[in-house]
Each structure stands twice: as C-alpha cells, then as structure tokens.
Amino acid sequence: MNDKKWISRRTPRLWRLALAAAAIAVVSACSSATTPSPAPTPTPAIRADVTDATGDAAPDARVAVAPDLVRATASVENGTLTLVVSFAPGTFDRQTTRVAVLFDTDQNPATGIRQQDGLGADYGLDLFPAAPQATITRADEAGCAARSACFVTAGSASITVLADGIQAVVPLSAIGSSTGRLSFLINTYVLVAPLTPVLFDYLPDANLAPARVQ
C-alpha cells in the first residue's frame, strides 16, 4: 500500500498520524490473516503388548481360584499411559483380585528399588477393582534401606473394571516420565489377611526380562 498519494500535504498532522496508524493496522491484519499459527504436533503413540501362559498361576488353599494373568498392554499417547491387565476367564474376582505394577521410568536398574529381574522401580501402581481409583506410589530408597516402607503414596489414577481384567489411565507426569518410554513388571495377589498378601502370577514371568514401552 502507498498511503502518501491519498494523504494531502494540507491534512493536519494529527489526522496524518491517525491515518498512518490505521494503515499500519490494516497491513498487520492482512499479514496475520495470511499467516495462521501452526497446529500443535501430537505426541507419537508407543506401546508394549505382553502375554503370559494360561494356567501357570501358583495355587494356594486359602484362595478358591488363583488369579491367572494372561496379557497386558501399555500404550502411551499425548502424555498419558493406558494400561490394560487381562486374566484368564473365570480367574478374576472383582472383590479380591489385586494387581501391582512396578515402573522403571528412567530404565536404569541402578536407581529406584532394585528387583531381581534387573528393574529399578521408580514408581508403582496398585490396582484393586473394589476401590474407586488406583494408587500411585513412589520409590523411597532411604525408607527401604531403613527397612520401613519402600514405596510411599504419590497420587491416584482412574480405573475401569472390565469383564476379565482392569484398565488404568495414568498421566505420565504422575510417574515421573516425560516420554513414556519405560520398563514394567506386573504381579497379581490376594490379601488373605490385612497385611498378608499371597502372590499368584507374574507378567512377564519371573525368569524373563521386564516388559518395555518403546
């Protein structure tokens, strides 16, 4: 635009400034209209899918049916981890079956609470279908060394009870992960007394490496 052709020399100075400002505003509006802001880039999805043999849960006379893990899927997208844990049909009791998950969020076995499977657990997740939410825990290395609690409560996550399993949706920020790339172990247990858990099955099995979301 050339504003000088239509602004007369006899136009008062204040009017010239006003017209110039208006012209700048029009140019800015035109410029902003032709240069839209880029859309945010979504976080790529990553996942892990782990299976376990049916019928390998260790029996215990105090529990009528041993909960038998058969599959777990962990998918990460847009800052959220969705974990689905599945049991063999007929072995999942909504009133008694519990699931414990250990996360190695930095994938460094030398940090967190060390496990025999080569995993250094930085966070944990306790799933109980009869509870309204899952409990997120954080590793407490000092407390564990002093033989007190190895994990302390750090938050909660939403859960959905399925026909033969349970789903949890966990914000990555709640388990100290920025990328979602992590290792994990799962076990299932039943409390036969308030402080007496009985473990029945592991996923992956105890002789295998931890599962990895990558």
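Count charges around Ile166 for me, please; just the other residues with Cβ under 15 Å from its Cβ, Lys/Arg as +1, Asp/Glu as -1. Before the final figure, lay out the partial values.
Working: positive: Arg71, Arg94, Arg98; negative: Asp68, Asp93, Asp126, Asp164, Asp201.
Local net charge: -2.
Please list, in order, the residues from region 161-178 whose amide nitrogen is less than 11 Å from a point placed 7 Å along the Cα→Cβ vector of Glu77. Nothing falls inside the zone, counting backbone N under 11 Å.
For Gly90, what charge total do you get from the other residues with a beta carbon under 12 Å from its beta carbon, if Lys and Arg give +1 and Asp and Glu give -1?
Local net charge: -3.
Amide H to amide H distances under 5 Å link Ala154 with Ile136, Thr137, Arg138, where only residues 5 or more positions off or on other chains count and H is placed in the peptide plane. If you plug the beta carbon distance of Arg212 and Ala61 into 1/(1 + (r/R0)^6) with R0 = 45 Å, you get a FRET efficiency near 0.80. Count Lys and Arg as plus one, Asp and Glu as minus one, and take only other residues whose Cβ is under 13 Å from that of Ser148; the net charge is then -1.
Computed from backbone phi with θ = phi - 60° and the Karplus coefficients 6.51, -1.76 and 1.60, the 3J(HN,Hα) list for region 146-152 is 8, 6, 9, 5, 7, 9, 10 Hz; x is used for glycine and proline.
For region 97-114, the residues whose amide N sits under 17 Å from a probe point set 7 Å from the Cα of Ala142 along the beta carbon direction are 112-113. Considering only Val198, Pro129, Gln214, whose Cα is most displaced toward the positive end of the charge dipole of region 120-214, charges sitting on Cβ of Lys, Arg (+1) and Asp, Glu (-1)? Of Val198, Pro129, Gln214, it is Gln214.
Bear in mind these aren't lab numbers, they're just calculated from the coordinates by the rules spelled out. Here the structure is a predicted model, which means the values were calculated and not measured. We place every Cβ from the backbone using ideal geometry, glycine too, and count neighbours over all the protein chains shown.
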